[in-house]
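Notes for the one structure printed next.
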Amino acid sequence: MNYNSYQNPCRPWHHVPHLYKAWFKHPRREHGHLKSLVLLALQERPLNGYEIIKAIENKYGHAPGPAVVYPTLQLLEDQGYVGESLHENKKVYALTEEGKKFLEENRERMDQLSASLGQPPWNSLPGIGKRVASLVGTIFSNCTYLDDAKTKQIEDLLDETRKRVGDIIFENKAD
């Protein structure tokens, strides 16, 4: 079998290439933004690592993982922008004077970054967003069990659901 030409029909982005581009080309994934997001999260008050992750998620709708946050905190500490202290057996991070100076000198860039990341629209409806994400996950993670008949049934169900949601939104009668 030639693996270079093999196309996995179940890969999540197979049917939606525009989402693939949107995911990997999104500004959140550009090099160096996490450093700025961590500094912005710390400008209000000192936080521990988990609180930094939650602050970024709450403000920008994206939770970076601990595997990237903690090395970033170490880098910022090495650069002198962040200091670390122990509070109730937890490491708490705070901006140093150098970190505050860096934020002030780069205020325009930080404001642009904050504005460009903003809240994604689905965060205003978290219950719906979680359910849609769960549905997508269920379909793509189990696609190997789908034959043509099952795929058609799911497509028809999704079409009907989309129509009914539109009816609810625009207050049309569903029947």
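Here, each number is a calculation from the coordinates, and none is a lab measurement. Because the structure is predicted, anything quoted here is derived from the model rather than measured. Don't worry about glycine lacking a Cβ; one is built from the backbone with ideal geometry, like all the others, and counts go over all protein chains shown.
Place a point 7 Å from the Cα of Ile168 along the Cα-to-Cβ direction; which residues of region 126-140 have their backbone N under 20 Å from it?
126-139
Want the number for Thr138 to Gln79: 0.36 nm per residue separation, take away the alpha-carbon distance, what's left? Don't skip to the end; give the middle numbers.
Details: separation 59, 0.36 × 59 = 21.24 nm, distance 4.33 nm.
Net length gain for the segment: 16.9 nm.
In nm, give the distance between the simple-model label positions of Ala149 and Ala115, each being 7 Å from the Cα along the Cα-to-Cβ direction.
5.7
Using 1/(1 + (r/R0)^6) with R0 = 25 angstrom and r between the beta carbons of Thr161 and Asn58, what's the FRET efficiency to the nearest 0.05?
Values: r = 30 Å, r/R0 = 1.18.
The value I calculate is 0.25.
Tell me the label-point distance for the pair Asn106, Glu44, using the 7 Å Cα-to-Cβ offset, in nm and rounded to one decimal.
2.0
Over 28 Å between Cα atoms, which of Lys35/Lys91; Lys54/Lys150; Lys130/Lys163; Lys59/Lys163; Lys59/Lys91; Lys54/Lys100 qualify?
Working: Lys35/Lys91 18 Å; Lys54/Lys150 39 Å; Lys130/Lys163 20 Å; Lys59/Lys163 32 Å; Lys59/Lys91 22 Å; Lys54/Lys100 21 Å.
Correct reply: Lys54/Lys150; Lys59/Lys163.
Could you give me the ³J(HN,Hα) list for region 35-52, computed from phi with Karplus coefficients 6.51, -1.76, 1.60 and θ = phi - 60°, whole Hz, x at Gly and Pro?
Residue by residue, region 35-52 yields 4, 5, 5, 5, 4, 5, 5, 7, 6, 7, 6, x, 9, 8, x, 5, 5, 5 Hz.
Once phi is turned into ³J(HN,Hα) by the Karplus curve 6.51 cos²θ - 1.76 cosθ + 1.60 with θ = phi - 60°, what whole-Hz value does each residue of region 141-150 show in order, with x for glycine and proline?
6, 10, 5, 5, 8, 8, 9, 4, 5, 5
Would you please give the residues with an amide H less than 5 Å from that of Val82, counting only those at least 5 places away or on a separate chain, with H modeled from the backbone geometry?
Residues meeting the amide H criterion: Glu77, Thr96.
With N set to the number of residues, divide the alpha-carbon radius of gyration of region 125-169 by 2.2 N^0.38 Å and report two decimals. Each step should come with its number before you reach the end.
Working: Rg = 12.1 Å, N = 45, 2.2 N^0.38 = 9.3 Å.
Normalised by 2.2 N^0.38 Å, the Cα Rg of region 125-169 equals 1.29.
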